[in-house]
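K.L.:
I have a structure here, written as structure tokens, and I will follow up with some questions on it.
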Amino acid sequence: MIDIDPSGILVRYNVQMEKEMTPEEAAEELYPKDSLIYPVAKAIFEGEEDDVVEGLQKAIDSGKDPMALINDSLMVGMGVVSKLYDDGVIFLPNVMMSADAMLEGIEFLKQKAGKAPEVKGKVVCHVAEGDVHDIGKNIVVALLRANGYDVIDLGRDVPVDEVIESVEKESPLMLTGTALMTTTMYAFKEINDKLMEKGYRIPFACGGGAVNQDFVSQYELGVYGEEASDAPKMADFIKEHGDNIVKLREKFHKH
């Protein structure tokens with residue numbers, strides 16, 4: 001439906017409605033209808049770890065397989081969070097709380113099943129050398145872990161050679177780097193060059209306040225991530241389509 005706002009601009013009526021909705025109302029429209037899965041997904045969104053565990057226990061008591069619940073309930077709840085984060089409805093603190101609740105749920109299910117879930121792959125994450133701003137990196141790590149990836153979190157202000165050593169040791173499917181300061185983002189080019197010299201062709205996903213697509217596109221392995229939520233999507237894309245940098249750029253470069 002089309003309406004006209006007071007300024008005379010045509011807008012879609014459903015967009016106006018979305019803007020008027022609270023985050024809780026927006027989430028409510030995305031929750032699964034299954035009565036056993038709904039409370040888990042809602043608890044993930046609310047970041048309520050105890051409620052997540054309680055909901056999972058009830059689902060198990062009703063015959064649900066603990067390991068299946070990782071994808072069928074925890075991932076579903078985190079999917080709601082990711083969608084609303086992408087849309088700007090919720091923000092970083094909400095996502096961090098949800099990710100913590102998600103990881104608590106995974107630990108609970110691992111104990112119930114007596115085994116760990118299958119890991120999709122390994123990703124090395126870091127903040128550029130000289131940069132101590134790690135909020136962006138933390139959300140990347142949380143989202144990757146919540147989506148089933150084994151993350152080697154090197155922390156902040158990570159020397160270039162330490163990043164290279166980690167790639168050599170861990171053989172990840174992807175490397176990520178964040179930088180908030182323009183004076184530190186040039187470490188990414190150094191990492192790229194050293195990896196190339198050693199024969200590595202690993203996708204290097206870069207983002208952060210100081211970084212833009214034009215800068216990342218200047219080096220061979222660079223793939224620009226505009227949002228932290230792009231990281232698990234990139235990892236999934238690599239799992240499905242391979243580590244072709246050109247294809248990754250076609251998929252994720254937006255400008």
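The values are calculated or read from the model by the stated rules, or taken from the named source; none is laboratory data. Just so you know, these numbers come straight off a predicted model, no measurement behind them. Counting neighbours? That spans all protein chains shown, and the Cβs are built from the backbone with ideal geometry, glycine included. Calculation scope for accessible area: heavy atoms of the full protein, side chains included, ligands and nucleic acids excluded. Shrake-Rupley method; radii C 1.70, N 1.55, O 1.52, S 1.80 Å.
K.L.:
Based on this model, can you work out whether LYS64 counts as within 15 Å of the chain's Cα centre (by Cα) and of a type in the set (Lys, Arg)?
P.N.:
No, not satisfied.
K.L.:
Checking LYS120 against (1) touching a Pro at 6+ places or on another chain (Cβ under 6 Å); (2) surrounded by fewer than 24 Cβ atoms within 10 Å (Cβ to Cβ), which test does it fail?
P.N.:
That leaves (1) as the condition not met.
K.L.:
Which residue pairs have Cβ atoms under 7 Å apart, sit 6 or more places apart or on different chains, and have a first residue in segment 32-51 that is within 15 Å of LYS83 (Cα to Cα) and a second that is open to solvent by less than 70 Å² (accessible area, probe 1.4 Å) and in a loop (DSSP other than H, G, I, E, B)?
P.N.:
ALA41/TYR31; ALA41/PRO32; LYS42/TYR31
K.L.:
Here's something else I'd like to know. Can you pull out the residues in segment 238-255 that are acidic (Asp, Glu) and surrounded by 10 or more Cβ atoms within 10 Å (Cβ to Cβ)?
P.N.:
Residue satisfying the conditions is ASP243 alone.
K.L.:
A follow-up question, please. Quick check on segment 130-142. Is at least one of its residues closer than 16 Å to ASP153 by Cα, open to solvent by 70 Å² or more (accessible area, probe 1.4 Å) and outside any helix (DSSP H, G or I)?
P.N.:
Scanning segment 130-142 turns up at least one residue that is closer than 16 Å to ASP153 by Cα, open to solvent by 70 Å² or more (accessible area, probe 1.4 Å) and outside any helix (DSSP H, G or I).
K.L.:
Pairs under 7 Å by beta carbon, first residue open to solvent by less than 10 Å² (accessible area, probe 1.4 Å) in segment 221-232, partner part of a loop (DSSP other than H, G, I, E, B) and among the basic types (Lys, Arg), six or more apart or different chains?
P.N.:
Here the result reads LEU221/ARG201, each pair linking segment 221-232 to a residue that is part of a loop (DSSP other than H, G, I, E, B) and among the basic types (Lys, Arg).
K.L.:
Being assigned to a helix (DSSP H, G or I) and out of contact with any helix residue (DSSP H, G or I) (no Cβ under 9 Å at 6 or more places or on another chain) is the filter here, so list the residues in segment 55-67 that pass it.
P.N.:
ASP61
K.L.:
From the set of residues in segment 91-102 that are at pLDDT 90 or above and crowded, with 22+ Cβ neighbours inside 10 Å, which is farthest from the chain's Cα centre (by Cα)?
P.N.:
Applying the filter and picking the extreme gives ALA101.
K.L.:
Which condition does VAL223 not pass, out of (1) over 20 Å from ILE245 (Cβ atoms); (2) touching a helix residue (DSSP H, G or I) at 6+ places or on another chain (Cβ under 6 Å), if it passes all the others?
P.N.:
(1)
K.L.:
Also, I was wondering about something else. Counting only residues that are more than 20 Å from the chain's Cα centre (by Cα) and crowded, with 21+ Cβ neighbours inside 10 Å, which one in segment 189-218 is farthest from LYS137 (Cα to Cα)?
P.N.:
LEU195
K.L.:
Looking at segment 106-132 only, could you name the residues that are touching a residue at least 24 places away in the same chain (Cβ under 8 Å), acidic (Asp, Glu) and closer than 26 Å to ASP50 by Cα?
P.N.:
Result: GLU118, single match.
K.L.:
Residue by residue through segment 86-96, note down the ones that are assigned to a helix (DSSP H, G or I), in contact with a Phe, Trp or Tyr (Cβ under 9 Å, 6 or more places away or on another chain) and over 14 Å from LEU144 (Cβ atoms).
P.N.:
Of everything in segment 86-96, those that are assigned to a helix (DSSP H, G or I), in contact with a Phe, Trp or Tyr (Cβ under 9 Å, 6 or more places away or on another chain) and over 14 Å from LEU144 (Cβ atoms) turn out to be LEU92, ASN94.
K.L.:
Let me ask you something else. Could you identify the single residue in ALA43, ALA26 that is buried (at least 20 other Cβ atoms within 10 Å of the Cβ), in a helix (DSSP H, G or I) and out of contact with any strand residue (DSSP E or B) (no Cβ under 7 Å at 6 or more places or on another chain)?
P.N.:
Result of the check over ALA43, ALA26: ALA43.
K.L.:
Let me ask another. Please tell me if VAL123 is part of a helix (DSSP H, G or I) and either out of contact with any Lys or Arg (no Cβ under 6 Å at 6 or more places or on another chain) or over 30 Å from ASP72 (Cβ atoms) (or both).
P.N.:
Criteria not met by VAL123.
K.L.:
List, please: which pairs have Cβ atoms under 9 Å, are six or more places apart or on different chains, and start with a residue in segment 133-148 that is touching a residue at least 40 places away in the same chain (Cβ under 8 Å) and end with one that is assigned to a helix (DSSP H, G or I) and of a type in the set (Ser, Thr, Tyr)?
P.N.:
Qualifying pairs under 9 Å: ILE139/TYR85; ALA142/SER98; LEU143/SER82; LEU143/TYR85; ALA146/SER82; ALA146/SER98; ASN147/SER82.
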